[in-house]
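For reference, the structure discussed in these notes is given below.
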């Protein structure tokens, strides 16, 4: 299917899917407080901070980390406390699966002990068999070797099965909670998509590695080391003492050394991986813009620099790991030699000396697993801290409004009831609700000009209000506050007298929603994209919504009809078709307060007026409409028009009243009317 305009009335088809205007970075355009700057891949913001550094939680140059002002000992202690809190926050989620994890740990210990016993028994068998004893002396050892060899494999398989079963169940919960936090927390709105993906995938996998590669093998190695020392003490207490020293060096000293050598480099790996994920998203989705402005080479250079930095860190970690592993081999050999010497001096027989030597090598090798666990734990710290920050941070308030404000608690927040007005297709829709903005002020950062400044707005049930104004006036911020995406710094937004923040996250979209500025079109069929608004809608309802949005003729013209796949971000549609699809989805959902943010974008004037009139006519009786638009045509039938400028309400009234008085509205109306008359005169 062509990506050009396939439908009369669509504006010029873009050469690629429309990209959201609001991206991360947190920087605000002067004069446009409600529109954050588009971040440049690999670039820095005006305060000199790269997006990756900002997203990883690093302090800015203008805001030094307070911990740097503290003494070194205090900083180290604070860092240890933060790491311990992060691990505790993650491990609390493992409590429901504690039985499975304990079982996996015991099976891991049984596996290692079976391996140790196998080596010791096989050594005794071979050395004893060299003296040609009678067969009955070797029978038990032969059976034991076979049993230990088989049981080791069985224990290992069962341990992997039990451990992964428990961890994958836990990871499902963790990933769900992280996703829920990322999608609902207000302060994550400025985070980059790539960094969010890194948190959801790579960082959550750190939780899995903490259990499977650190705690389970570490606990098993410690337990088997104790059993090895106890077994050696039965043969020679002196040799057992030497073995204990070797195991302490291998299981405590070397892990501490590995941690000290890899800590700094490992702490940089997770943020760098998040930055590279951001680079991948920017370079892929922003390729056309980068090429148009000649910035592709700069963006690639910045991304390659981070990739080289990450490669250097990983090489350093690998080299350090090799050195520590080589030291572990040396410790193993020296411990075995010392055990042999001490055992011979204690008068231990030759066969048992051999058993002690081989058993020592096996035991130290098991203890060296603690080195790998310590190294892995060091590398996981940054990822665990990033996950813990999402797991422990407060969820968006589902608490009631302040005590002075009337309204029920969240537990008793009103549940929408079916109302008299039918939605598209005749299905009963949510009843109307009274909405009120009272002195709402929003600032995107401290000290910046407010995006909204003391805005008052009443939207009773059934009322239709348009919000207009120049770019950057605060219109999209108003919609974001209404839908709960942004919380006001001052003032209140109430729905039926209850603060919007008091409504559960799953309830609010049924009452307030619609077509927002960043409506996303999924790589799925037209039907699937529409059913996001009402999952149980039938074809009659889909048809009514598509007709109201002006999309029905196009759908019927496609060979696959409702099953036409629209491509990633609607890439197989023109700009106008994408907008109509998003509008049809909003109309199908039929919330009590329908928010329409630029519903005519991408349409030519005649089609825009027809689509707007059709959408308003399809809105159920008793439902409110908040229309945000740059176009002033088609607003004459609305109950009120509010003009925003620099976050303040500068005019309000009906269309004929505003046209009759001097101000921004009349000036813009005359300009747009003249421009559209010229457009229509040139149209075929």
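Can you work out which of the residues in the range 299-311 that are more than 11 Å from residue 283 (Cβ to Cβ) and touching a helix residue (DSSP H, G or I) at 6+ places or on another chain (Cβ under 8 Å) is surrounded by the most Cβ atoms within 10 Å (Cβ to Cβ)?
Only one residue tops the list, namely 306.
How do the pairs read when you match residues in the range 493-519 that are farther than 26 Å from residue 598 by Cβ with residues anywhere that are at pLDDT 75 or above, using Cβ under 6 Å and keeping only pairs 6 or more apart or on different chains?
Listed pairs, sorted by first residue: 496/434; 499/492.
Quick one: residue 262 ticks every box in (1) over 19 Å from residue 376 (Cα atoms); (2) touching a residue at least 40 places away in the same chain (Cβ under 8 Å) except a single one, so which number is it?
(1)
From the set of residues in the range 628-665 that are under 13 Å from residue 470 (Cα atoms) and out of contact with any strand residue (DSSP E or B) (no Cβ under 8 Å at 6 or more places or on another chain), which is surrounded by the fewest Cβ atoms within 10 Å (Cβ to Cβ)?
645
Scan the range 266-275 and give yes if some residue there is closer than 30 Å to residue 336 by Cα and surrounded by 15 or more Cβ atoms within 10 Å (Cβ to Cβ), otherwise no.
Scanning the range 266-275 turns up no residue that is closer than 30 Å to residue 336 by Cα and surrounded by 15 or more Cβ atoms within 10 Å (Cβ to Cβ).
Here is a yes/no grid of residues against (1) surrounded by 14 or more Cβ atoms within 10 Å (Cβ to Cβ); (2) touching a strand residue (DSSP E or B) at 6+ places or on another chain (Cβ under 6 Å); (3) modelled with pLDDT of 75 or more:
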{"site": "83", "(1), (2), (3)": "yes, no, no"}
{"site": "86", "(1), (2), (3)": "yes, no, no"}
{"site": "106", "(1), (2), (3)": "yes, no, yes"}
{"site": "129", "(1), (2), (3)": "yes, no, yes"}
{"site": "140", "(1), (2), (3)": "no, no, yes"}
{"site": "149", "(1), (2), (3)": "yes, no, yes"}
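For the range 322-350, give me the residue count where each residue is outside any loop (DSSP other than H, G, I, E, B) and surrounded by fewer than 18 Cβ atoms within 10 Å (Cβ to Cβ).
14
For residues in the range 521-542 being touching a residue at least 60 places away in the same chain (Cβ under 8 Å) and surrounded by fewer than 18 Cβ atoms within 10 Å (Cβ to Cβ), which is farthest from the chain's Cα centre (by Cα)?
Filtering the range 521-542 down to residues touching a residue at least 60 places away in the same chain (Cβ under 8 Å) leaves 521, 534, 537-538, 540-542.
With the extra rule that they be surrounded by fewer than 18 Cβ atoms within 10 Å (Cβ to Cβ), the set shrinks to 538, 540.
Details: 538: 33, 540: 37 Å.
Within the range 521-542, the match that is farthest from the chain's Cα centre (by Cα) is 540.
Residue-wise test of (1) at pLDDT below 80; (2) within 21 Å of residue 204 (Cα to Cα).
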residue	(1), (2)
259	no, no
271	yes, yes
276	no, yes
280	no, yes
287	no, no
300	no, no
305	no, no
308	no, no
311	no, no
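Exactly one condition in (1) within 15 Å of residue 583 (Cβ to Cβ); (2) crowded, with 17+ Cβ neighbours inside 10 Å is not met by residue 553; state its number.
(2)
Has the range 253-276 got at least one residue that is touching a helix residue (DSSP H, G or I) at 6+ places or on another chain (Cβ under 8 Å) and not in a helix (DSSP H, G or I)?
Checked the range 253-276: no residue is touching a helix residue (DSSP H, G or I) at 6+ places or on another chain (Cβ under 8 Å) and not in a helix (DSSP H, G or I).
Could you check, for the range 167-179, whether at least one of its residues is more than 23 Å from residue 98 (Cβ to Cβ), modelled with pLDDT under 80, touching a helix residue (DSSP H, G or I) at 6+ places or on another chain (Cβ under 9 Å) and part of a helix (DSSP H, G or I)?
Within the range 167-179, one or more residues are more than 23 Å from residue 98 (Cβ to Cβ), modelled with pLDDT under 80, touching a helix residue (DSSP H, G or I) at 6+ places or on another chain (Cβ under 9 Å) and part of a helix (DSSP H, G or I).
Modelled with pLDDT of 85 or more, closer than 29 Å to residue 438 by Cβ and assigned to a helix (DSSP H, G or I) - does that describe any residue in the range 622-629?
No, that holds for no residue.
Within the range 228-243, how many residues are assigned to a helix (DSSP H, G or I) and either within 10 Å of residue 356 (Cα to Cα) or in contact with a helix residue (DSSP H, G or I) (Cβ under 6 Å, 6 or more places away or on another chain) (or both)?
11
In the set 576, 647, 602, 570, which member is assigned by TED's automatic domain parsing to the domain that holds residue 508 and modelled with pLDDT of 80 or more?
Of the residues listed, the single one that is assigned by TED's automatic domain parsing to the domain that holds residue 508 and modelled with pLDDT of 80 or more is 647.
The values are calculated or read from the model by the stated rules, or taken from the named source; none is laboratory data. Computed from a prediction, not measured in an experiment: that's the story for all the values here. Backbone-built Cβ (ideal geometry, glycine too); neighbour counts: all protein chains shown.
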